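Chemist: Before I ask anything, let me first share the structure, which is written out below as structure tokens.
None of the figures in this text is laboratory data; all of them are computed from the coordinates on show. This structure is a prediction, so every number in the text was calculated from the model and none was measured. Here the Cβ positions follow ideal geometry from the backbone for every residue, glycine too, while neighbour counts run over all protein chains shown.
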């Protein structure tokens, strides 16, 4: 049995490596497809450096409706599947994004994003629910409260322009990189069973313990509508198959992960350096971890509206 599990984990590692190599190959191929054209200097003007380096920063506020479910098992105590969102009485999620992009070459950018959000909700259940080996009493409020420092996501990727069409009114870029999610999900309520040493004084599960960086690849399109207005759409996502997480908790821990995000909106140009954007976004996060001790599964969706401001210097 152990050898079968190891072979399964080895196959997952190989798939992960193939995916990472594939992302790297697509990045190199996309970069090679962009022609390098030296800048033409005016005969009466001094030649300028062909690449002008700029740094962009962005702040974005998002408000979305959560969905999906969470189920946390400890040893023989099977967790109750709990619906996220209205199933736990959650309020709409408020998410803050801080973004930074630096031009590292002609039509090439290094982008880093930090997302911060929190869960908050309250729900009464007519039956006992189980979470991380602990039972929560029926007829009593169950609170979900995860602060921003325990629900974050860090994403870094390379954005490479693929060219422009229709008199430069439509531009495309490919994106490739990695993302990492730091999530500790908490529930609080009246206990009907004593918590174990592993679950601690509160019912919580730190998904960050088994989290792995997930390779990402995506596409970004920008369409110019007028002098001040543009339409922007992007999709970025990746997947890790079932593989050994290099952690041990009651035996080897195997994990499967998926991260995906997409948005579509309009951007209004404020003068020479400022941009104001608003639109719709959609996010999806999945982590399934299994060991002899744990069996944790979360599938979290989120969609709503965003408002952002960006500038360059």
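Chemist: Taking only C-alpha pairs under 8 Å that are 6+ residues apart, what is the relative contact order of region 166-313 in percent? Could the numbers behind the result be given before it?
Modeler: Values: 332 pairs, mean separation 26.3, N = 148.
Value for region 166-313: 18 percent.
Chemist: Can you give the extra length, in nm with one decimal, that the chain gains between residue 140 and residue 165 once fully stretched, where that is 0.36 nm per residue apart less the Cα-Cα distance?
Modeler: Between residue 140 and residue 165, full extension yields an extra 3.0 nm.
Chemist: If I model a spin label at residue 192 and residue 65 as a point 7 Å from the Cα along the Cα→Cβ vector, what separation in nanometres do I get?
Modeler: 3.1 nm
Chemist: Of the listed peptides 172-179, 73-80, 287-294, what is their order by residue-averaged count of other C-beta atoms within 10 Å, with the highest listed first?
Modeler: Details: 172-179: 20.9, 73-80: 16.8, 287-294: 19.2.
Going from most to least packed, we get 172-179, 287-294, 73-80.
Chemist: Here's something else I'd like to know. Over region 76-199, what relative contact order in percent results from Cα pairs under 8 Å that are six or more residues apart?
Modeler: 25 percent
Chemist: Kindly put 312, 95 in sequence by how many other C-beta atoms sit within 10 Å of each C-beta, fewest to most.
Modeler: 312, 95
Chemist: Using per-residue counts of other Cβ atoms within 10 Å, averaged over each peptide, order 258-265, 221-228 from highest down.
Modeler: Ranking, from highest mean packing down: 258-265, 221-228.
Chemist: What is the calculated FRET efficiency for residue 98 to residue 228, with r their C-beta to C-beta distance and R₀ = 25 Å, to the nearest 0.05?
Modeler: The calculated FRET efficiency here is 0.50.
Chemist: If R0 is 22 Å, what FRET efficiency do you get for residue 239 and residue 270 from their C-beta distance, rounded to 0.05?
Modeler: It comes to 0.05.
Chemist: Of the listed peptides 130-137, 208-215, what is their order by residue-averaged count of other C-beta atoms within 10 Å, with the highest listed first?
Modeler: 130-137, 208-215
Chemist: For 280, 109, what's the fewest-to-most ordering of other Cβ within 10 Å of each Cβ?
Modeler: Taking fewest neighbouring Cβ atoms as first place, the list is 280, 109.
Chemist: Using alpha-carbon pairs under 8 Å, 6+ residues apart, how would you state the relative contact order of region 273-313 in percent?
Modeler: Over region 273-313, the number comes to 54 percent.
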